[in-house]
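J.: Please see the structure below; I have some questions.
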Amino acid sequence: GEFTLDFTATAPAPPDCPSELTQVTPLNNGALTLYTEVVVSPTSDSESILCVRLESDSESWVGFGISPTGLMFGANSILGLPEYGSVMKFNSTLDVTKQGPFAPMEDDHQTLMNTKVTQEDGKTVVSFSKYLKEEGENEILAEGENTFLWAVGSSNAPGYHAARG
């Protein structure tokens, strides 16, 4: 007999972050700790992700930047904003008159996964995962040296950083 099947193509799901991130980097004289893990997708380079958790010894916003030059301007930044309960991608901008030194990326670039920002006992924890390669953004290399930036605020309200590196 004859029959038909109606197929629907689905995109592969990105890999999951492991429960424990094994790359540990103390920053800000130990007041900020960065935990990371690169998870390479078995199906596609474009599906590989970077898993990040930042633990700060202060209750404030926390920032993470991808910057091949090591400079803030031109960096793609990810800010954990406890005041808004959000973790979002921002571009640095020289036009500080309109919206400060950061402008939220367009909605189609807000592709972070597993985002979370929490505060407890005077500490802030920000976690997220991000694709290594995204169009129009600085690439993160799965192997080799990457240059990142970090910053912590003096409060939960977005503003000038109390410490950076």
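The values are calculated or read from the model by the stated rules, or taken from the named source; none is laboratory data. Note that the structure is predicted; figures quoted are calculated from it, not measured. Don't worry about glycine lacking a Cβ; one is built from the backbone with ideal geometry, like all the others, and counts go over all protein chains shown. The area values use the complete protein model at the heavy-atom level, side chains included, leaving out ligands, DNA and RNA. Shrake-Rupley method; radii C 1.70, N 1.55, O 1.52, S 1.80 Å.
J.: Note down the accessible area of Met72, probe 1.4 Å, to the nearest 10 Å².
T.: 60 Å²
J.: Give me the aspartates and glutamates in straight-line cross-link reach of Lys123: C-alpha distance below 16 Å, same-chain residues under 8 apart excluded.
T.: Once the sequence-local aspartates and glutamates are set aside, what remains near Lys123 is Glu55, Asp57, Glu59, Glu83.
J.: Under the Karplus relation 6.51 cos²θ - 1.76 cosθ + 1.60, θ = phi - 60°, what is the ordered set of whole-Hz ³J(HN,Hα) values for segment 78-83, x standing for Gly and Pro?
T.: Each residue's phi maps through the Karplus curve to give 10, 10, x, 10, x, 4 Hz.
J.: With labels modelled as points extended 7 Å from the Cα through the Cβ direction, what inter-label distance (nm, one decimal) is found for Ala157 paired with Val24?
T.: Those two pseudo-labels are separated by 3.6 nm.
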